[in-house]
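Trainee: The structure's right below; bear with me while I get my questions together.
The values are calculated or read from the model by the stated rules, or taken from the named source; none is laboratory data. Computed from a predicted model, the values in this text were never measured in an experiment. Counting neighbours? That spans all protein chains shown, and the Cβs are built from the backbone with ideal geometry, glycine included. What goes into the accessible areas is simple: the full protein's heavy atoms, side chains included, and nothing from ligands, DNA or RNA. Shrake-Rupley method; radii C 1.70, N 1.55, O 1.52, S 1.80 Å.
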Amino acid sequence: MKRRTGEQEKELKKKKLLEELGENKLPYMTPADANFQQLWKTKYSKLIFRKSDAVPEELHQMVQEGFLALQKHNCFFQDLVRIKGKDFVTPVSRILIGNPGCTYKYLNTRLFTVPWPTEGYDIKYCSPQIHDACKALIKLNDYLHIEAVKALQGQNSFETEEMKDATVIDREQNFATSLTKKESVSKDQSSCGVPEDDYVNLKNRTSYNVTLLNYMDPLQMQYLKQEPYFGMGSMAVSWHHDENLVERSTVAVYSYSCEGSIMKASNEQNVKGRDPSVWHVGLKVAWDIETPGLAIPLHQGDFYLMLDDLNATHQHCVLAGYSPRFSSTHRVADCSRGTLEYIFEQCELALQNLQTGSDSAALTLKSLEPAVVKQVEEIHNEVEFEWLRQFWFQGKRYLKCTDWWLKPMAKLEEFWRKMEIMTSLVISEVGKKELIEEQRKKTISIILLVLTERQKLRKEWATRIPSVCVSERSKDLGTQSCFNSSGVFVTVVLSGYSNGYSKKLKLFSTQCVT
């Protein structure tokens, strides 16, 4: 409900902004404009830009070879995302790489990391090239982490000393802040004068746990949206704030456009606009029609950082050029509810209410307290709709890189099956006369709400994945039988408790009330 309210608010703001503009377009600037530097300094100072020559050549080579290897092995996929209750296929193809067991959710779609090489984890890749690509990306991740810490140190120094000129982008060709030479950031902060608490804070906001890789060839796209506010041209990615991030964390983006392969002469370039043959990142102050926007060209090997609260106060888009382009977007994903460790802990918490009898076959519930039932059933929903369905509906994509996720997902399926039994036990128990009437009323009220939500979500998911599911009617439960990506036949209760259990619960509920 909260997410839907947020989407509605955004739509209303967008509609109001477009109505105010009418046929007009907002102004924007590129580096060719005289007031570009001043606008950047005053309105976009938390954007840090580095040209490719700031990055070690060896790192460029490793990362760019990694991009091409992942593409060669067909590891980039268009995501099926859900916006305002409708499914859309993204124009950009993506893959998530990062810490083992970590996930990242955007536009109601959860992505699961292809884990990069991590000490203590047994990760088997489908080819040495995929291993090398993941290794290159963790090296890029480490490099961008160091650069982000230094950039935030510079930003803090600027704010403390009230020296606005400290963050002015003073190199016309480099668009970079004046920062110290590259060096490793040590926990011993005596050399840079940053207190330990401040350093820990900087580290937490720059310790990227995932990178979302993107690929698109604009010339292979039949249609790209046109930028609506400024007239900046074709967009690969529309205006947005990045989702699911740790508050005030830095986002780092490394860009690799395959220049020279399909580049066209820029005959369409507007005199005062951006060059449409070159990829750009666009920025604007969120929902503001007074401040001009920025369009900054992105060439092979450039990278930029969005510091502090820039992602919250501003919106950004990606403007397509003519050549194919890869990017690696490094994020501090909010994984408070998005790691295997978290969901396994939730499952173990739920299963504490399941008790096995002396014969190891008879299963009973330890408690029918409404609060306990509610907690267990909500975890049940979380496992099914935030993990199992999110993982399997995307097909065999992860198996092109590694089989690392198969074992933990199989374990989650076992937890889910036990929680299905627990739901049946709750429904059975509330029908018994021995149960105290007041407790029965509360338990029925809670279980009805959760099961109604579960039924609704199962129907929604059935419409999302008709191509991988085979419908089978069941007299009692109305099941949907699906083949998951590992080839295992899984029977998933779709309408579940609607035909029998739900009617029984409603009957119990009526009896309790009367």
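Trainee: Stokes-Einstein D for the range 267-342 at 37 °C, 0.692 mPa s, Kirkwood Rh over Cα pairs, in µm²/s?
Mentor: Stokes-Einstein gives a translational diffusion coefficient of 220 µm²/s.
Trainee: With θ set to phi - 60°, apply the Karplus curve 6.51 cos²θ - 1.76 cosθ + 1.60 along the range 277-293 and write out the HN-Hα couplings as whole Hz, x wherever there is a Gly or Pro.
Mentor: 7, 10, 5, 9, 9, x, 10, 8, 6, 4, 6, 10, 10, 9, 8, x, x
Trainee: Further question on the same structure: Just to confirm my numbers, what's the Cα centroid distance between the range 318-360 and the range 51-119 in Å?
Mentor: Between the Cα centre of the range 318-360 and that of the range 51-119, the gap is 16 Å.
Trainee: Which residues' amide hydrogens lie under 5 Å from the amide hydrogen of PHE230, considering only partners 5 or more residues apart or on another chain, with H built in the peptide plane?
Mentor: LEU26
Trainee: Taking 19 Å as the cut-off for C-alpha to C-alpha distance, list the pairs among LYS72/LYS135; LYS105/LYS139; LYS374/LYS418; LYS225/LYS396; LYS13/LYS46 that go past it.
Mentor: LYS105/LYS139; LYS225/LYS396; LYS13/LYS46
Trainee: Oh, and also: Can you sort SER127, SER336, SER238 by solvent-accessible area, 1.4 Å probe, largest first?
Mentor: Ranking SER127, SER336, SER238 by accessible area, largest first, yields SER336, SER238, SER127.
Trainee: Given +1 on the Cβ of Lys and Arg, -1 on the Cβ of Asp and Glu, and no further charges, what dipole in debye does the range 71-157 carry about its Cα centre, rounded to the nearest 20?
Mentor: For this selection, approximately 380 debye.
Trainee: Counting only protein heavy atoms and a 1.4 Å probe, tell me what percentage of the range 9-85's accessible area is made up of carbon and sulfur.
Mentor: Result for the range 9-85: 48 percent of the exposed heavy-atom area is carbon or sulfur.
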